[in-house]
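Presented below is the structure to which this report refers.
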Amino acid sequence: MITIKSRREFEKMAVAGACVAAIHRAVKEAAQPGVSLLELEDISRQILAERGCQSSFLGYHGTYPATLCLSPNDVIVHGIPTDYKLKEGDILSVDAGAIYEGFHGDAAITFAIGEVPPEVQRLIDATEEGMWAGIRAVRHGARLGDIGAAISEVGKRYGYGVVEEYLGHGIGRQMHEEPQVPNIGVRGTGMRLRTGMALCIEPMFNMGSRHTKVDPDGWTVRTADGSLSAHWEHTVAITKEGVMVFTAGEEPLAVESVPEPVAEQI
Ligand code: MF3
Ligand code: CO
């Protein structure tokens with residue numbers, strides 16, 4: 001079932017989204033060489049508590065043990081925080097989810113630890129660009145296939161593998177609601193989007209092939225060929241005032257105010 005959210009419900013999602021953005025800011029700042037992934041997990045727990053939020057991830061499927069997914073290097077998504085210490089030249093995806101008064105926000109960023117070669121930064125920036133292309137396709141009356149088409153065009157233009165097995169999703173009282181939002185698609189096809197819907201737009205691009213494998217822990221998803229992977233995600237709402245990103249900062253960000261193309265300016 002696709003849920004249509006009221007203004008009041010969107011306001012709660014915006015508070016959850018601001019918490020996720022605060023976690024990203026703090027974790028990115030702390031993520032220096034020598035810092036362990038478990039130390040970053042502690043920061044997330046502290047911010048959730050300070051803001052009166054619960055984690056969307058902790059206990060997910062009865063087993064997920066953390067509030068963050070921390071996915072370094074060839075890990076695409078769903079990396080479990082460990083005592084691994086970051087080192088110069090790593091890249092790290094930080095995926096966080098918060099619940100405020102029953103409503104979820106969910107977002108991911110990817111960044112480099114210290115200096116990385118330009119081709120690695122390009123993977124990170126192109127994936128962010130793919131996310132914004134997908135977000136710009138979100139509007140009342142657009143179709144689901146418009147989003148995937150926009151995202152995959154960016155990935156293909158740069159020559160990256162666009163991961164197909166893991167998808168964006170609706171979000172609201174549940175972290176994962178219908179519809180699923182593929183990162184590939186055909187324009188003009190698929191379900192029509194409408195005011196009141198909220199979607200997580202979340203491309204994953206690989207430096208090499210698009211193929212994936214899962215570790216024996218049942219969670220950690222890696223590139224099949226060991227190449228680097230980047231992941232970006234925002235929670236996006238189609239409101240009566242326009243399309244808003246809830247996970248970009250303290251306040252909702254109106255998509256029409258975002259300069260284009262974002263990734264190339266970084
Ligand atoms: N944020 C992820 C998503 O977008 C879900 C995290 S998986 C969990 O689907 F197990 F950590 F919850
Ligand atoms: Co998500």
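The values are calculated or read from the model by the stated rules, or taken from the named source; none is laboratory data. Source: prediction; values computed, not measured. Backbone-built Cβ (ideal geometry, glycine too); neighbour counts: all protein chains shown. Side chains included, ligands, DNA and RNA excluded: accessible areas come from the protein's heavy atoms. Shrake-Rupley method; radii C 1.70, N 1.55, O 1.52, S 1.80 Å.
How much of the accessible area of region 7-254, in percent, comes from carbon and sulfur atoms when a 1.4 Å probe is used?
Whole-percent figure for carbon plus sulfur exposure: 52.
Could you please put 5, 85 in sequence from largest to smallest accessible area, using a 1.4 Å probe?
Details: 5 20, 85 120 Å².
Sorted descending by solvent-accessible area, the residues read 85, 5.
When ligands, DNA and RNA are left out and all protein chains stay put, how many square angstrom of accessible area per residue does region 7-254 have with a 1.4 Å probe?
Details: 9870 Å² over 248 residues.
Ligands and nucleic acids excluded, the figure is 40 Å² per residue.
Which pairs, out of 213/240; 12/156; 156/213; 28/213, put more than 30 Å between their alpha-carbon atoms? Could you put the intermediate results ahead of the total?
Values: 213/240 41 Å; 12/156 36 Å; 156/213 21 Å; 28/213 27 Å.
Too far apart for the 30 Å limit: 213/240; 12/156.
Using label points projected 7 Å from each Cα along Cα→Cβ, tell me how many nm separate residue 101 and residue 8, to one decimal.
With each label point 7 Å from Cα toward Cβ, the separation is 0.8 nm.
Where does each of 131-138, 251-258 land if you order them by average Cβ count within 10 Å, highest first?
Values: 131-138: 25.0, 251-258: 15.2.
Result, highest mean Cβ count within 10 Å first: 131-138, 251-258.
Which peptide among 150-158, 212-220 comes first, and what is the full order, when sorted by highest mean count of other Cβ atoms within 10 Å? Don't jump to the answer; show the numbers that get you there.
Numbers: 150-158: 20.6, 212-220: 14.0.
Descending packing order for the listed peptides: 150-158, 212-220.
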